[in-house]
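Notes follow once the structure below has been shown.
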Amino acid sequence: MEVVVSLAIGVLVSAGVWLVLRPRTYQVLIGLSLLSYATNLFIFSVGSLSVDKEPIVQPGLPADLAHYTDPLPQSLVLTAIVIGFATTALFLVVLMALRGLTDSDHVDGQEERP
Amino acid sequence: MSFGQPSHLVAAPILLPLLTAALMVAIGERRWMIKAGLNVLSMLASLALAVWLLAGVHAAGQPGVFGVYLPGNWPVPYGIVLMLDRLSGLLLVLAACAGLASLLFSLARWHRAGVWFHPLLQLQLMGLNGAFLTADLFNLFVFFEVLLAASYGLLLHGGGSLRVRAGLHYIAVNLLASLLFLVGVALVYGVTGTLNMADIASRLPGVAEGDLGLLHAGAALLAVAFLAKAALWPLNFWLPPAYSAASAPAAAMFAILTKVGVYAVLRLWTLCFPDGAGASAHFGGNVLVWGGLVTIGFGAFGMLASQQLGRLAGYSIIASSGTVLAAIGFDRPALTSGALFYLASSVLAGAAMFLLAELVERAREAEVDPPRADTLVGRLPMFGAEPPQDVNLDDEQVALIGRVMPAAVAFLGLAFLLCTLALAGLPPLSGFVGKVAMLSALLEADPATGAAGAARWTLFGLLFVSGLFAAIALTRAFIGHLWAPQGRKPPSLRLAEALPVALLLGATVALVVRAEPALAYMRATADDLHAPKRYIDAVQSARPVQRGFAPALLPVDAEGRP
């Protein structure tokens, strides 16, 4: 489980970093989205990875991470998703505006001169 | 020691701008005058509130006075905490000053260049105030996002391809920094199991040996996010293009934005890694010091190299950020207090410089371009028709336009001169007092920093060199822009544009006139910061308000933990 999740995070981050460094605005946008998915998975994994465990303390069971899952990272992820979605949407609007103003999808608004 | 009970007013600096912004969104797009009036009232109230809170926290002159507020009335490590201390009080006042100046300046022209200027300005203030007040790491992230979202809008205010391009880069950089911030928060939570800053600090000594690496990685990632905001070299290449592309009122507001990063570093670093933190004591202090020193140099050379006033002001912000960060990195109260004084001075002078930059550039262009107006302006009910640009038909802004040319030129020249003095740290203005306070703290013999001797003398020298470079760059800009040849049309200056500049510069003069109490305040602030136990105790001793059934639900043990 840990290996799968960390591999997923690693792949997402490397793809995201590569895309963010590309010259086209849309690639940057997708790169930022991939990075934010990776970040969200990472936060999620901080609260112990487990299957079928509830974040609710049961009577009779000791309240530690071996018996239940931590609800706080889940709520953090939820907040981070909402904020990330909003800022990505804003970025998309600015991207469209730049495209409209400069007729180019280069991040600098013009192609690099050789 | 707490500060009045119940301290509901601690939450007011966040709620007031939020409510004002919500109200202004509801008012609708075209009622400029109502929105402007409401905004001025609210901004004045914010300033008065901030000053009142600052006075309250400093009233008795005792160390360690805090205003703690539990917004959800939950016991401390679980609920959100708002925390007012001297440092946040100081920054609340500075944010309100920058906001007021920016707002007054915008009333002349800029606030009609886009629909959402007024609500965005209030939301910006709300994000700033929230970031200064919160005592919770994740809430700090949320308020960072609020202030960043508002700053994206303000940066784009006025439109045009230059601003949109700068805005795209600015947003991309800040989104990346926010993601690093989140990863850092997650790591710190993973190691300590809490997000409350005071609780984190109190649990750090008990962190297992094997987890220290993770903790330091988390702290370093958080620091990268904050330092990118604070414009530490090499994370500051985004700043000059973004700030110089912004409209003048937005740029004046941005003068305080970099200080949010400085604030977060100062708060968390002094809280979590003080002298007594064992293996983590002063973690990353050298990075702050040397990074700050390089940043001063970068800012100073940038000022020399820039042709546009906006970029010059941007580089001066970088240089002042570097100065404060380098001084903080030494972790000595005397030096920190000087740095805080310098920070206050540089925010006021930096904001004034951004406003002046537009006035002076406009005077040189000799042609008053209308702000990139939306086409609605001409159809506003109170204007009837679009007034011709060269005639002053606007009754509220009589006085200076066009006709009183020498007064306008004299004002611009004098204000630019004062700004130069304050930014370069020359006597008699406040930058000088801050630098002298730092220099004398550096000269004090201190056996504890023997290893940091080289850094100490480098900072000592760089404080002079950066002042010299700033003076050269600003004087050259002064000559180029204000010793204008004959035959240009006289610059026009409206009262609404001159007033905020005069107020900001007046505030720097007031800082000098009242330098002794101001320095005493900064010293008390620095002492509080360097005794993190006070902050931790104040947060952890906060108790929810008991209402009848509450004690039965939450049995509290001897340590105050349910």
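The values are calculated or read from the model by the stated rules, or taken from the named source; none is laboratory data. Given the structure is predicted, the values throughout are model-derived calculations rather than measurements. Note: ideal-geometry Cβ built from the backbone for every residue, glycine included; neighbour counts use all protein chains shown.
Mind checking whether some residue in segment B:192-199 is within 14 Å of chain A (Cβ to nearest Cβ), under 24 Å from the mean Cα position of the chain (by Cα) and crowded, with 24+ Cβ neighbours inside 10 Å?
Checking segment B:192-199: at least one residue is within 14 Å of chain A (Cβ to nearest Cβ), under 24 Å from the mean Cα position of the chain (by Cα) and crowded, with 24+ Cβ neighbours inside 10 Å.
Table: residues versus (1) closer than 27 Å to B:Ala98 by Cα; (2) surrounded by fewer than 16 Cβ atoms within 10 Å (Cβ to Cβ); (3) at pLDDT below 90; (4) basic (Lys, Arg).
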{"position": "B:Ile472", "(1), (2), (3), (4)": "yes, yes, no, no"}
{"position": "B:His481", "(1), (2), (3), (4)": "yes, no, yes, no"}
{"position": "B:Ala498", "(1), (2), (3), (4)": "yes, no, yes, no"}
{"position": "B:Lys533", "(1), (2), (3), (4)": "no, yes, yes, yes"}
{"position": "B:Gln546", "(1), (2), (3), (4)": "no, yes, yes, no"}
{"position": "B:Ala550", "(1), (2), (3), (4)": "no, yes, yes, no"}
{"position": "B:Leu554", "(1), (2), (3), (4)": "no, yes, yes, no"}
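Does segment A:83-109 hold any residues that are in a loop (DSSP other than H, G, I, E, B) and more than 9 Å from chain B (Cβ to nearest Cβ), and which are they?
Answer for segment A:83-109, where residues must be in a loop (DSSP other than H, G, I, E, B) and more than 9 Å from chain B (Cβ to nearest Cβ): A:Asp103, A:Ser104, A:Asp105.
Which condition does A:Thr69 not pass, out of (1) in contact with a Ser or Thr (Cβ under 7 Å, 6 or more places away or on another chain); (2) part of a helix (DSSP H, G or I), if it passes all the others?
Just one mismatch for A:Thr69, condition (2).
Can you name every residue in segment B:294-323 that is of a type in the set (Gly, Ala, Ser) and free of Cβ contacts under 8 Å to residues at least 24 places away in the same chain?
Hit for segment B:294-323 is B:Ala305, nothing else.
So which of B:Leu309, B:Leu348, B:Leu288, B:Leu356 ends up being closer than 18 Å to B:Leu462 by Cβ and not basic (Lys, Arg)?
B:Leu288
Could you list, in sequence order, the residues of segment B:154-175 that are under 27 Å from A:Ser75 (Cβ atoms) and either more than 7 Å from chain A (Cβ to nearest Cβ) or modelled with pLDDT under 90 (or both)?
If the condition is that a residue be under 27 Å from A:Ser75 (Cβ atoms) and either more than 7 Å from chain A (Cβ to nearest Cβ) or modelled with pLDDT under 90 (or both), then B:Asn174 is the only one that fits.
Of all residues in segment A:10-36, which are facing chain B (nearest Cβ under 10 Å) and not polar (S, T, N, Q)?
Correct list: A:Val13, A:Gly16, A:Val17, A:Val20, A:Val28, A:Leu29, A:Gly31, A:Leu32, A:Leu35.
Restricting to segment B:98-123, what's the tally of residues that are outside any loop (DSSP other than H, G, I, E, B) and more than 19 Å from B:Val501 (Cα to Cα)?
Residues that pass the stated criteria total 7.
What do you reckon, is B:Ala48 farther than 26 Å from B:Leu355 by Cβ, under 22 Å from the mean Cα position of the chain (by Cα) and free of Cβ contacts under 8 Å to residues at least 40 places away in the same chain?
When the stated conditions are applied, B:Ala48 does not pass them.
Write out, first by first residue and then by second, each pair whose Cβ atoms fall under 6 Å of each other, whose residues are 6+ apart or on separate chains, and whose first residue, in segment B:87-102, is crowded, with 24+ Cβ neighbours inside 10 Å while the second is of a type in the set (Phe, Trp, Tyr) and not in a helix (DSSP H, G or I).
none
Considering only residues that are buried (at least 20 other Cβ atoms within 10 Å of the Cβ) and either at the interface with another protein chain (Cβ under 8 Å from one of its Cβ atoms) or without any contact (Cβ under 8 Å) to a residue 24 or more places away in the chain (or both), which ones fall in segment A:71-82?
A:Pro73, A:Leu76, A:Ala80
What's the total number of residues in segment A:44-70 that are over 22 Å from A:Ile9 (Cα atoms), exposed (fewer than 14 other Cβ atoms within 10 Å of the Cβ) and away from chain B (no Cβ under 12 Å)?
11
Name the residue, out of B:Gly64, B:Gly79, B:Gly72, that is over 27 Å from B:Ala255 (Cα atoms), without any contact (Cβ under 8 Å) to a residue 24 or more places away in the chain and assigned to a loop (DSSP other than H, G, I, E, B).
Matching residue, one of B:Gly64, B:Gly79, B:Gly72: B:Gly72.
Can you report the number of residues in segment B:309-336 which are farther than 30 Å from B:Gly480 by Cα, over 15 Å from the mean Cα position of the chain (by Cα) and not charged (D, E, K, R)?
9
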